Amino acid sequence: DKGGWSSFMAKEVSEEPEAVANTIRGRVKDGEIVIPELDGLDDLFQGVSRVIVLACGTAYYAGLVGKYAIEQWARIPVDVELAHEFRYRDPIVGPDTLVVSISQSGETMDTLMAVKEAARLGARTLSICNTQGATIPRESDAIVYTHAGPEVAVASTKAFVAQITALYLLALHVGRVRGALSPAVAAASIRELEALPEKIQWILENEQERIEQLSRWMSDTRSVLFLGRHVGYPIALEGALKLKELSYIHAEGFAAGELKHGPIALIEPGQPVFVMVPSPRGAATLHAKVISNIEEIRARGARVIAVAEEGDAAVLPFADEVLRVPLASPLFEPILAVVPLHVFAMGLATAKGLDVDQPRNLAKSVTVE
Ligand code: M6R
């Protein structure tokens, strides 16, 4: 039931704040992360020397965000891999490897086969999944459910923010269990985590209309580029995927630092480029680097749409449009920055008269390899 919304996707984007809140609910106690499903499983995280995250599509981009959180808080090296690539390259995996799979449906065949292969090779397996009792969690040693609620639209939106939330919870939990994270840093991070739903709500309330207007103006656009650095990079990839799958427009996401290694050749006058701008307060060096990337593409005529922190005045002279997100420390920025991109992709597809719930050629759950 669309509950009065024009599409399931519109409803599900509106549910992003509660998907995050529900995923946190019941998992914080006295300034610590307590994940009931992982009760008694502390051993799973002892003696682990590396983490491999396996997933496909949007869930893979959540994994890329998770890498930064796990490495920073739990101090374990993390590789993030597309499940179908992992499965067929004779991967080097053993009992000291923790494989974290991410899947909304829990039925994606590529991810399932990769998890089975990892288990066969002796890895410990943990599944982050949105669907109770699905196959991937059943095949795993441990489960952390996301509580986004059922996601009907083919494009994954609320499940994505819930997956990133679960990865934050897991990274904080493992950091504490392994003694890599101080109680003070954990408590401060948990406070930030708990503030996220309200911040996402702020974006929907204050920016959604303007973004939809922008997507209507851009409905004839034939190509859109997305740039990001650090945690902004996976969000650039996610923004591009959503636009491709929903509006059938050519879209590509790049690491901003790669520009001069090739992609800048694509920039011609009028080319729209979304740029994820890191917080000037939380990440001053990164911020300066991204501003200089913006200058480079602007000088070549790009039309810059910046996703930037509210109050970041430095970005104003360089951007044609600025989409505002509330202040958050660097690791938490991606979960906010993605919201305008979800709204934009949905708006542009709607402006083109396309079915946002059921894009052509795609299925909600990809149960073939
Ligand atoms: O159910 P899963 O999370 O395993 O699905 C993975 C991808 O197929 C999925 O995220 C896909 O990329 C979405 N259509 C993206 O919006």
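Since every read-out is calculated from the coordinates, none of them should be taken as a lab result. Since the structure is predicted, the reported quantities are computational estimates derived from the model, not experimental observations. In this analysis, Cβ positions are derived from the backbone assuming ideal geometry, glycine residues included, and neighbour counts consider all displayed protein chains.
Tell me, what HN-Hα J-couplings in whole Hz come from the Karplus equation 6.51 cos²θ - 1.76 cosθ + 1.60 at θ = phi - 60° for each residue of segment 341-357, using x for Gly and Pro?
6, 4, 5, 5, 4, 5, x, 5, 5, 5, 4, 7, x, 8, 7, 6, 7
Between GLU258 and ALA288, how high is the FRET efficiency from 1/(1 + (r/R0)^6) when r is the Cβ-Cβ distance and R₀ = 22 Å? Nearest 0.05.
Values: r = 18 Å, r/R0 = 0.80.
It comes to 0.80.
List, in order, the whole-Hz ³J(HN,Hα) value for each residue of segment 171-180 obtained from phi through the Karplus relation with A = 6.51, B = -1.76, C = 1.60 and θ = phi - 60°; use x for Gly and Pro.
4, 5, 4, 5, x, 6, 4, 8, x, 8
Find how much the distance from ALA314 to ARG216 grows on full extension, using 0.36 nm per residue of separation minus their present alpha carbon separation; answer in nm with one decimal.
Working it through step by step, the gained length comes to 32.6 nm.
Quick one: among HIS230, HIS261, HIS250, which has the greatest mean-square fluctuation in a GNM of the chain with alpha-carbon springs under 10 angstrom?
Per the Cα network of the chain with a 10 Å cutoff, HIS261 tops the list.
At a 10 angstrom cut-off on C-beta neighbours, averaged per residue, how do the peptides 163-170, 220-227 rank from highest to lowest?
Put in order of decreasing packing, that is 163-170, 220-227.
Based on the Kirkwood radius over alpha-carbon pairs, what is the Stokes-Einstein translational diffusion coefficient of segment 1-143 at 37 °C with 0.692 mPa s viscosity, in µm²/s?
This corresponds to a translational diffusion coefficient of 203 µm²/s.
Taking the Cα-to-Cβ direction at ARG138 and at ALA195 and moving 7 Å from each Cα, how far apart do the two end points lie in nm?
The two pseudo-label positions are separated by 4.3 nm.
Residue-wise, which Karplus ³J(HN,Hα) couplings in Hz belong to segment 92-97, taking 6.51 cos²θ - 1.76 cosθ + 1.60, θ = phi - 60°, and x for glycine or proline?
Running phi through 6.51 cos²θ - 1.76 cosθ + 1.60 with θ = phi - 60° gives 8, 9, x, x, 8, 9 Hz.
Any idea what the relative contact order of segment 54-114 is, in percent, if you count C-alpha pairs under 8 Å spaced at least 6 apart? Provide the component values of the computation, followed by the final result.
Working: 59 pairs, mean separation 28.6, N = 61.
Relative contact order here is 47 percent.
Between VAL366 and ASP30, with labels modelled 7 Å along Cα→Cβ, what's the label distance in nm to one decimal, could you check?
Each label point lies 7 Å from its Cα, and together they span 4.5 nm.
When you count, for each residue, the other Cβ atoms within 10 Å and take the mean per peptide, how do 36-46, 121-131, 79-89 rank with the highest first?
My ranking of the peptides, most packed first, is 121-131, 79-89, 36-46.
What does segment 281-369 give for Rg and for Dmax, in Å, if only its C-alpha atoms count?
Rg then Dmax for segment 281-369, in Å: 16.8, 49.
How much net charge surrounds TRP217 when only the other residues with a Cβ under 12 Å from the Cβ of TRP217 are counted, with Lys and Arg +1 and Asp and Glu -1?
With Lys, Arg at +1 and Asp, Glu at -1, the neighbours total -1.
Would you mind getting me the FRET efficiency between ALA299 and HIS250? Use the beta-carbon distance for r and R0 = 25 Å, nearest 0.05.
0.65
Compute the acute angle (0 to 90°) between the alpha-carbon long axis of helix 57-69 and the principal axis of greatest extent of the alpha-carbon atoms of the chain; round to the nearest 10°.
With both axes taken from Cα atoms, the answer is about 70 degrees.
Please list, in order, the residues from segment 191-218 whose amide nitrogen is less than 11 Å from a point placed 7 Å along the Cα→Cβ vector of LYS2.
Zone members listed by number: none at all.
Points 7 angstrom from Cα along the Cβ direction at LEU82 and SER223: gap in nanometres?
Result: 2.1 nm between the two label points.
For the chain, report the convex hull volume of the alpha-carbon atoms normalised per residue, in Å³, without decimals.
Once divided by residue count, the hull of the chain is 133 Å³.
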